[in-house]
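A.B. asks: Structure below; questions to follow.
Read the figures in this text as sums done on the coordinates, not as results from a lab. Since we're looking at a predicted model, the values are computed, not measured. When we count neighbours, we look across all protein chains shown, and the Cβ atoms used for this are built from the backbone with ideal geometry, even at glycine.
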Amino acid sequence: MATKAVPAIKCTDLTKVFGQRKALDKASFELPQGAFLSIFGPNGAGKTTLLRILSTLARPSSGKAQVLGHDLIEKPGDIRAYIGLISHKPLLYLDLTAEENLLLTAKLYGVENPEQRVSELLATVELTSRRHDIVRTFSRGMTQRVSIARALVHSPQVIFLDEPYSGLDPHAVRIFDDLLQKIRLQGVEQRDGVGVEQGDGVGVPLFAEAKSGTPTPSPCSTPTPSPCSTPTPSLCSTPSPRTFCMVSHDMQKGLALATHLLLLERGKVVLFAEKDQVDPEEFVHLYHKSVGMGVA
Amino acid sequence: MSNKTSKLDALALPFLIIGGVLIIFAFVFNFTVTPMALGDIEVPEPAMIGGKIVTTTLLLSQKIFFYHMPVAVISMVALAFTAAYGIMFLRTRNTKYDIRAQTATEMSLVFVSMTMVSGVAWTRHDWGAWWVWEPRLITYLILMLMVIAYFILRTAVSDPERRATYSSVFGIIVAVNAPISFMITRLVPSTHPVVFRSDSGLPPLMLIPLLLTILGFSLIAFALFRQRVRARQMEEQVESLKLRLDDLRG
Amino acid sequence: MSKKNDAQQMSATYKKPSTFQHYKILLGKDLRREFRTREMLTSMGIYTVLVLVIFGIALMQAPEKVDILQMAGGLFWAIIVFTSLLGLNRSFSYEKEDGALEGILLVPLDRSVIFLSKLTANLLFLLIVEIIAVPLFYIFFLSGLPMHPTLPWALLPLLVGTIGIAGVGTLLATITINTRGKDVLLALLFVPLIVPLLYACVSATTLAITGSPTLMDAYVPALALAIGYDVIMILVSWVLYDFVVSA
């Protein structure tokens, strides 16, 4: 059994080569659980490749990658149950209803009592009234909300975000931010075998009753008999805090949300550090420099 | 990427020459020493033999068999290599196998085209029609179409890794399909008379040019294969040098 | 019990579904989607009627004496091949449309289940279209002709052939969905690969329709070879599918 020190993501010399092109070049970093990693870099720096490898949609050419202590390359199947992906593509069947899409995913992941979980998720993303509508009729923002619910159906411990803001209008961005904040502060229930070391079986509800419209609803404000009775979010996020890994072109969003920063350039890790240890201005400068190089 | 020329590459040119010489020798042998299948007869005027009108041209058309059969065999062997390299690619994800699979399929295309040309020529003289829906020709026609489809598939996929994966899978499928189509077209009864030629038990004087031609074409196919692979590897090296140059400039 | 308590109770329970359950869930998804949009069924059905009309016009000038029974098997198989091409092209377009397939790939499941469920769905849709096509074909081309009692035997090669078409077609459609000019490319890859099956099935179908006196002598080997094709090609496609769908 893994201990609490197990990193959420650990990459060692992760390389993706095809032919002569190196999409990733010996990328190494270690991200602790509960962190929010923002990945920056110019186009073609390997951001999406890294995210696709970590979310088991692509295979690296060499190097090692572990998520929650599980080897991604040897046994990608083991880790898929614990990761979620929110992409700029909704990953949904547009001709199925919101509820059908979520039920499909819930059943595939083997969530027990899927109907209940799906109603809960629909409430969280504030789509209960539209649950029986076909996703094709939804606006971009609504589709994205279903997509978030989809990614959370199995209560993943590591969530990957691939350009989640692209194509969203300001209103949808705000709702998305709220949701992100919400799921960040909430714990993940325990499952066997993954790098969480915590007391037995105290499941924390995935979503404490969400109040719609509140800008940053904290689960601590709800009167649930959960460990969330202290005002500090860090305690709320036990037993296992979620880890986030985001690729976004939105510099400000990325910096605001992040606890850790990763700058990629031509597949190489230029910088990986905790946000507190990096001077934001310096980082922005570094970023612009590498973007400039990517263009040239 | 290694810069050195492998031993196999060094053999390419000699093999090409030896192969050519063998084929020319077999060609001469075929027309001078090898007897005719129906016996060594001259038919200056059209004559009836065994209920068929026979001319010298018709009799000589059987000589096509000595080229048709070897190129057909080699096109099949090349396809087997496509599949083998395809499997190796899927196992290792090493581009070098994709290059080889692609090149092997090119060899298959060259030889299957030669098979078609010789087959049609033979049909024309043996049955008096340019095309007959006969098992051998159907097999090679669809084989040729599949090999052409392989290359169209390659050009239709832009992502190199995906292209290599798809073409490996398709190459394997084609190689599995080819013997099936060979069997089905021969074993399924059709309303057309199926012409089975028992090619076994050829007299030695016929066997010699046949084997020599097979050997000669094999050597040529191998030489062409090595040269193409080498050319592709060099292209890749140029690409990688370009990339490195870009890096240094950046 | 309050809602929150329920949530708390269910939150810890996950049970990995069996491969067969995954198969059922994915197949259910395809069927539900199709019966809602009727995208494939409508287009394939109308297309079948159109090809029948074209054949009717094309054969209109043929003299009465032409033995349509000898040609019927071949004509019918031409319809099946063209129609299935149309349906197979559709069967993956919605998987790709908004990354839905990627959503499935994120789930821990045996990826060849995707192949089997898709194959089954395509097979069912093709069979439904054939249920329309067979009587129409009979009415348009064969009614009024003396039929041989062996005619029902033509349904067996139809089933065997459709299984093979669905199997090979599902693999190839997964490939061509990621290519440029996917519709044409599917035809280019699919038709040559299917020729051996077509050859055997046309032969068996024609024998059944014409009621040849030596029926069983030729029918059985033709059908057996078609089944052999199905088994080998579907096995190979099944083994290779993981590579294709993950690429």
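A.B. asks: Between rounded, prolate and oblate, where does region C:94-138 land on the alpha carbon gyration tensor, with a ≥ b ≥ c its root eigenvalues, rounded for a/c under 1.5, else prolate if a/b exceeds b/c? Each step should come with its number before you reach the end.
C.D. replies: Values: a/c = 6.99, a/b = 2.55, b/c = 2.74.
Oblate.
A.B. asks: If you fit an axis through the alpha-carbon atoms of helix C:39-60 and take the longest principal axis of the Cα set of chain C, what angle between them do you get, 0 to 90°, nearest 10?
C.D. replies: The answer is roughly 10 degrees.
A.B. asks: Calculate the dipole size of region C:90-187 relative to its Cα centre from +1 charges on Lys and Arg beta carbons and -1 charges on Asp and Glu beta carbons; express the result in debye to the nearest 20.
C.D. replies: 160 debye
A.B. asks: Using θ = phi - 60° and the Karplus curve 6.51 cos²θ - 1.76 cosθ + 1.60, what whole-Hz ³J(HN,Hα) does each residue of region A:55-65 get, with Gly and Pro shown as x?
C.D. replies: So the Karplus estimates, Gly and Pro as x, are 8, 6, 8, 9, 10, x, 7, 7, x, 10, 9 Hz.
A.B. asks: Residue separation times 0.36 nm, minus the C-alpha to C-alpha distance between B:GLN227 and B:ASP247: what's the value?
C.D. replies: Working: separation 20, 0.36 × 20 = 7.20 nm, distance 3.03 nm.
Using 0.36 nm per residue and subtracting the Cα-Cα distance, I get 4.2 nm.
A.B. asks: In what sequence do C:HIS22, A:HIS288 fall when counting other Cβ within 10 Å, fewest first?
C.D. replies: Values: C:HIS22 24, A:HIS288 12.
Ranked by crowding around the Cβ, least crowded first: A:HIS288, C:HIS22.
A.B. asks: Greater than 21 Å separation of Cα atoms is the criterion. Which listed pairs, A:LYS268/B:LYS242; A:LYS268/A:LYS289; A:LYS75/C:LYS24; A:LYS16/C:LYS96; A:LYS16/B:LYS96; A:LYS22/C:LYS182, meet it? Kindly include the intermediate steps, with their values, before the conclusion.
C.D. replies: On the way: A:LYS268/B:LYS242 19 Å; A:LYS268/A:LYS289 15 Å; A:LYS75/C:LYS24 24 Å; A:LYS16/C:LYS96 24 Å; A:LYS16/B:LYS96 16 Å; A:LYS22/C:LYS182 28 Å.
From A:LYS268/B:LYS242; A:LYS268/A:LYS289; A:LYS75/C:LYS24; A:LYS16/C:LYS96; A:LYS16/B:LYS96; A:LYS22/C:LYS182, over 21 Å: A:LYS75/C:LYS24; A:LYS16/C:LYS96; A:LYS22/C:LYS182.
A.B. asks: A follow-up question, please. Apply the Karplus curve 6.51 cos²θ - 1.76 cosθ + 1.60, θ = phi - 60°, to the phi angles in region C:237-243 and return the couplings in whole Hz, x for Gly and Pro.
C.D. replies: 4, 5, 5, 7, 4, 4, 4
A.B. asks: What average count of beta carbons from other chains do you get within 10 Å of the Cβ of residues in C:172-184? Intermediate results must be reported in sequence, preceding the final value.
C.D. replies: Details: counts 6, 0, 2, 10, 4, 0, 7, 10, 4, 3, 1, 0, 2.
Mean inter-chain Cβ contacts per residue within 10 Å come to 4.
A.B. asks: Pull up all non-local amide H partners of A:ALA65: gap of 5 or more, or a different chain, and H-to-H distance under 5 Å with H placed in the peptide plane.
C.D. replies: The list, which skips near neighbours in sequence, is A:THR12, A:LEU72, A:ILE73.
A.B. asks: Assign one of three labels to region C:192-247, namely rounded, prolate or oblate, based on the Cα gyration tensor with a ≥ b ≥ c the square roots of its eigenvalues; rounded applies when a/c is under 1.5, prolate when it is not and a/b is larger than b/c, and oblate otherwise. Write out the running numbers ahead of the final one.
C.D. replies: On the way: a/c = 5.22, a/b = 3.10, b/c = 1.68.
Because a/c hits 1.5 or more and a/b exceeds b/c, region C:192-247 counts as prolate.
A.B. asks: Follow-up. To the nearest 10 degrees, how steeply does helix C:112-137 sit against the main Cα axis of chain C, on a 0 to 90 scale?
C.D. replies: Helix C:112-137 sits roughly 30 degrees off the main axis of chain C.
A.B. asks: What are the aspartates and glutamates whose alpha-carbon lies under 19 Å from the alpha-carbon of B:LYS63, with same-chain residues fewer than 8 places away excluded?
C.D. replies: B:ASP40, B:GLU42, B:ASP126, B:ASP199
A.B. asks: Please find the FRET efficiency linking A:GLU282 to A:LYS26, where r is the Cβ-Cβ separation and R0 is fixed at 22 Å, and quote it to the nearest 0.05. Walk me through the numbers on the way to the answer.
C.D. replies: Numbers: r = 24 Å, r/R0 = 1.09.
That pair, A:GLU282 with A:LYS26, gives E of 0.35.
A.B. asks: Give me A:MET246, B:MET183 sorted ascending by neighbouring Cβ count inside 10 Å, so fewest comes first. Don't jump to the answer; show the numbers that get you there.
C.D. replies: Values: A:MET246 26, B:MET183 17.
Least crowded to most crowded, the residues run B:MET183, A:MET246.
A.B. asks: Please turn the phi angles of region A:284-289 into ³J(HN,Hα) values with the Karplus equation 6.51 cos²θ - 1.76 cosθ + 1.60 (θ = phi - 60°), one per residue in order, whole Hz, x for glycine and proline.
C.D. replies: 4, 4, 4, 4, 5, 4
A.B. asks: With a/c under 1.5 counting as rounded, go ahead and sort region A:67-170 into rounded, prolate or oblate using the C-alpha gyration tensor (a ≥ b ≥ c being the square roots of the eigenvalues; past the cut-off, prolate if a/b is larger than b/c, else oblate).
C.D. replies: Values: a/c = 2.22, a/b = 1.41, b/c = 1.58.
Oblate.
A.B. asks: Moving on. Set the Förster radius R0 to 25 Å, insert the Cβ-Cβ distance between C:VAL53 and B:ILE152 as r into 1/(1 + (r/R0)^6), and round the FRET efficiency to 0.05. Walk me through the intermediate numbers first.
C.D. replies: Working: r = 31 Å, r/R0 = 1.24.
The computed FRET efficiency comes out at 0.20.
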